[in-house]
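Visitor: Below are the structure tokens for one structure; questions will follow.
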Amino acid sequence: MPQSEPRFDELLASARHSAIHLELRDGYAVADEADDYRHWRETGERDIDPASPYWAPWVAMVRAATARGVVMRRVRVVSEPVSTYIRYEHAGTVVNVAAGEDVRWLPRDQAVGLLLPVVDGWVFDGEQLLLNHFDGDGRWAERPMELCTDPDLVRAYTDAVETLWDRAVPHDQYKIR
């Protein structure tokens with residue numbers, strides 16, 4: 001059942017064996033990356049320093065989780081040719097990978113025939129599903145996160161992500177077009 005105000009950092013800190021993220025949008029407009037995104041658009045330079053103020057908190061969380069044996073995977077379903085935002089995201093993914101995430105990309109046209117979730121989310125240990133809600137412009141929605149523990153919903157979401165994962169291309173092999 002949905003619960004209010006879940007904290008991602010607490011869910012990741014309590015994960016025992018897996019944290020899987022599904023991203024479905026071709027663009028996001030979340031405030032915490034606005035300056036970095038603007039800088040990249042203006043200069044073509046992306047912050048890829050894992051110790052930078054932008055990346056350090058994320059890198060620390062990922063490294064702490066993976067050090068406990070948690071496998072972190074992320075699959076991004078993208079339209080091609082990719083959006084400007086996806087080019088930005090791809091340029092920074094080297095930090096996600098270096099921190100310990102396994103990241104894959106799936107061109108949207110290669111997902112034809114699959115029944116996909118319509119909302120981004122994180123699955124923790126196959127037991128908890130943290131749905132991420134965005135408005136039409138990619139900003140966090142009024143209720144940005146929703147925690148679901150219904151076993152049928154969590155299993156259906158996980159099965160969909162696993163199917164996408166099997167079709168997706170590892171980050172180091174995915175070529176932006």
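Visitor: Tell me which of these residue 114 doesn't satisfy, since it passes every other one: (1) over 16 Å from the mean Cα position of the chain (by Cα); (2) in contact (Cβ under 8 Å) with a residue 24 or more places away in the chain; (3) part of a helix (DSSP H, G or I).
Guide: It is condition (3) that residue 114 fails.
Visitor: Mind listing whichever residues of segment 57-101 are surrounded by fewer than 16 Cβ atoms within 10 Å (Cβ to Cβ) and in a strand (DSSP E or B)?
Guide: 71
Visitor: Looking at segment 2-19, which of the residues that are touching an Asp or Glu at 6+ places or on another chain (Cβ under 9 Å) and either on the phi > 0 side of the Ramachandran plot or at pLDDT below 95 (or both) is surrounded by the most Cβ atoms within 10 Å (Cβ to Cβ)?
Guide: Filtering first and then ranking leaves 6.
A quick yes/no check of all residues on (1) in contact with a Leu (Cβ under 8 Å, 6 or more places away or on another chain); (2) hydroxyl-bearing (Ser, Thr, Tyr); (3) under 27 Å from residue 31 (Cβ atoms):
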residue: 101; (1), (2), (3): no, no, yes
residue: 107; (1), (2), (3): no, no, no
residue: 112; (1), (2), (3): no, no, no
residue: 117; (1), (2), (3): yes, no, yes
residue: 120; (1), (2), (3): yes, no, yes
residue: 123; (1), (2), (3): yes, no, yes
residue: 137; (1), (2), (3): no, no, yes
residue: 140; (1), (2), (3): no, no, yes
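Visitor: Which residue pairs have Cβ atoms under 8 Å apart, sit 6 or more places apart or on different chains, and have a first residue in segment 24-37 that is closer than 23 Å to residue 114 by Cα and at pLDDT 95 or above and a second that is part of a helix (DSSP H, G or I) and not basic (Lys, Arg)?
Guide: Close Cβ pairs (under 8 Å, with a partner that is part of a helix (DSSP H, G or I) and not basic (Lys, Arg)) amount to 26/85; 26/86; 27/84; 27/85; 27/86.
Visitor: Here is a follow-up. Condition first: within 23 Å of residue 160 (Cβ to Cβ) and among the hydroxyl-bearing types (Ser, Thr, Tyr). Can you find one or more residues in segment 56-68 that meet it?
Guide: Checked segment 56-68: no residue is within 23 Å of residue 160 (Cβ to Cβ) and among the hydroxyl-bearing types (Ser, Thr, Tyr).
Visitor: Follow-up. Search segment 118-141 for residues being of a type in the set (Val, Ile, Thr) and part of a loop (DSSP other than H, G, I, E, B), and hand back the single one that is surrounded by the most Cβ atoms within 10 Å (Cβ to Cβ).
Guide: 119
Visitor: Considering only segment 166-177, state which residues are outside any loop (DSSP other than H, G, I, E, B) and within 20 Å of residue 87 (Cα to Cα).
Guide: 169, 170, 171, 172, 173
Residue-by-condition table, conditions (1) over 15 Å from the mean Cα position of the chain (by Cα); (2) of a type in the set (A, V, I, L, M, F, W, C); (3) assigned to a loop (DSSP other than H, G, I, E, B):
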residue	(1), (2), (3)
9	no, no, no
12	no, yes, no
34	yes, yes, no
37	yes, no, no
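Visitor: Quick one: would you say residue 41 is within 14 Å of the chain's Cα centre (by Cα) and either modelled with pLDDT of 95 or more or outside any loop (DSSP other than H, G, I, E, B) (or both)?
Guide: When the stated conditions are applied, residue 41 does not pass them.
Visitor: Give me the pairs: first residue in segment 142-165 and touching a residue at least 24 places away in the same chain (Cβ under 8 Å), second residue of a type outside the set (Lys, Arg) and assigned to a helix (DSSP H, G or I), beta-carbon distance under 8 Å, and six or more apart or on different chains, which are they?
Guide: If the second residue must be of a type outside the set (Lys, Arg) and assigned to a helix (DSSP H, G or I), the pairs left are 145/8; 147/11; 148/154; 164/111.
Visitor: Also, quick follow-up: Can you tell me which condition residue 51 does not meet? The list is (1) among the aliphatic types (A, V, I, L, M); (2) exposed (fewer than 13 other Cβ atoms within 10 Å of the Cβ); (3) closer than 23 Å to residue 166 by Cβ, and all the others hold.
Guide: (3)
The values are calculated or read from the model by the stated rules, or taken from the named source; none is laboratory data. Values in this document were obtained by computation on a predicted structure and should not be read as measured data. A quick note on method: Cβ atoms are made from the backbone with ideal geometry, for glycine too, and the neighbour counts reach across all protein chains shown.
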